[in-house]
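K.L.:
Handing you a structure now.
The values are calculated or read from the model by the stated rules, or taken from the named source; none is laboratory data. Remember, it's a predicted structure, so these values are computed and weren't measured experimentally. Every residue, glycine as well, gets a Cβ built from its backbone with ideal geometry; the counts of neighbours run over all protein chains shown.
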Amino acid sequence: MIEGLKLTMTGEELRGRLAERVKHHEELVERYEHEAKREPNRNDEDDFVLPEHMCEYEQQLHEWRAETLSYLREHIEGGEVYRLGPADLEFGEILPQKPGMVEQEEYEREQRVGFSLERIAKEIGRSGFGVSVLGEAMEEHRRIRAAGKTGVASRARSRRK
């Protein structure tokens, strides 16, 4: 019996998917190298150039991912069958990429707690004692967390397993 959700792939399928991801990261490295040298188009007021340090960070990040995934690909046995769990799928970037809108929404959901804490601090600063505001804020955070609206609840569940 298999416990949990596992994806079964042949070594050749896995190598192919890893090769796609390596190529994607190599293309991103080239893109950020070009961006670092590019001048903004003076005729387009909406055109801007990313700062050089940001381009350098992105280049290094994608170079590292390409190297890591290449290393994995080179050590996959083509004739074997691999059973991959969620951590394997994520680390190897095996599943299709999330659409940008989905990633943005997840990022905003994760950050919502931080924004709430900032609001709480401001409220405490405005109140005389802040005890009631703090209590209300803690209760609001508990409700949000219990409803699974933050990544905190899902991370806590995954740690318990």
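K.L.:
In this structure, is ARG160 at pLDDT below 75 and over 16 Å from the mean Cα position of the chain (by Cα)?
P.N.:
On the way: at pLDDT below 75: yes; over 16 Å from the mean Cα position of the chain (by Cα): yes.
In short, yes.
Listed here are the residues, each with its yes/no results for (1) part of a helix (DSSP H, G or I); (2) at pLDDT 95 or above.
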site	(1), (2)
ILE2	no, no
GLU13	yes, yes
ALA19	yes, yes
HIS25	yes, yes
ALA36	yes, no
ASN41	no, no
ASP47	no, no
LEU50	no, no
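K.L.:
Looking at LEU28, LEU50, LEU14, which is the one that is surrounded by 13 or more Cβ atoms within 10 Å (Cβ to Cβ), over 30 Å from ILE144 (Cα atoms), outside the structural domain of ARG145 (by TED's automatic domain parsing) and free of Cβ contacts under 8 Å to residues at least 24 places away in the same chain? Reasoning before the result, please.
P.N.:
Details: LEU28 fails: free of Cβ contacts under 8 Å to residues at least 24 places away in the same chain; LEU14 fails: free of Cβ contacts under 8 Å to residues at least 24 places away in the same chain.
Just a single option satisfies the conditions, and that option is LEU50.
K.L.:
Only one residue in ALA87, ALA19, ALA36 is surrounded by 15 or more Cβ atoms within 10 Å (Cβ to Cβ) and either closer than 30 Å to MET138 by Cα or small (Gly, Ala, Ser) (or both), so which one is that?
P.N.:
Working: ALA87 fails: surrounded by 15 or more Cβ atoms within 10 Å (Cβ to Cβ); ALA19 fails: surrounded by 15 or more Cβ atoms within 10 Å (Cβ to Cβ).
Answer to the check: ALA36.
K.L.:
Right, next: Here is a list: GLU105, GLU93. Which entry is under 14 Å from the mean Cα position of the chain (by Cα) and in contact (Cβ under 8 Å) with a residue 40 or more places away in the chain?
P.N.:
From the options GLU105, GLU93, the qualifying one is GLU93.
K.L.:
Return yes or no: is GLY148 at positive phi and modelled with pLDDT under 80? Let's see the steps before the verdict.
P.N.:
Numbers: at positive phi: yes; modelled with pLDDT under 80: yes.
Yes.
K.L.:
Then there's this: Checking the structure you have, find out if any residue of region 61-80 is part of a strand (DSSP E or B), in the same structural domain as TYR32 (by TED's automatic domain parsing) and either modelled with pLDDT of 95 or more or over 17 Å from the mean Cα position of the chain (by Cα) (or both). If you could, list the steps in order and put the result at the bottom.
P.N.:
Step one: filter region 61-80 for residues part of a strand (DSSP E or B), giving none.
There is no residue in region 61-80 that is part of a strand (DSSP E or B), in the same structural domain as TYR32 (by TED's automatic domain parsing) and either modelled with pLDDT of 95 or more or over 17 Å from the mean Cα position of the chain (by Cα) (or both).
K.L.:
Pick from GLU74, GLU93, GLU58: which is among the acidic types (Asp, Glu) and exposed (fewer than 12 other Cβ atoms within 10 Å of the Cβ)? I'd like the intermediate steps shown before the answer.
P.N.:
Details: GLU93 fails: exposed (fewer than 12 other Cβ atoms within 10 Å of the Cβ); GLU58 fails: exposed (fewer than 12 other Cβ atoms within 10 Å of the Cβ).
Going through GLU74, GLU93, GLU58 in turn, just one is among the acidic types (Asp, Glu) and exposed (fewer than 12 other Cβ atoms within 10 Å of the Cβ): GLU74.
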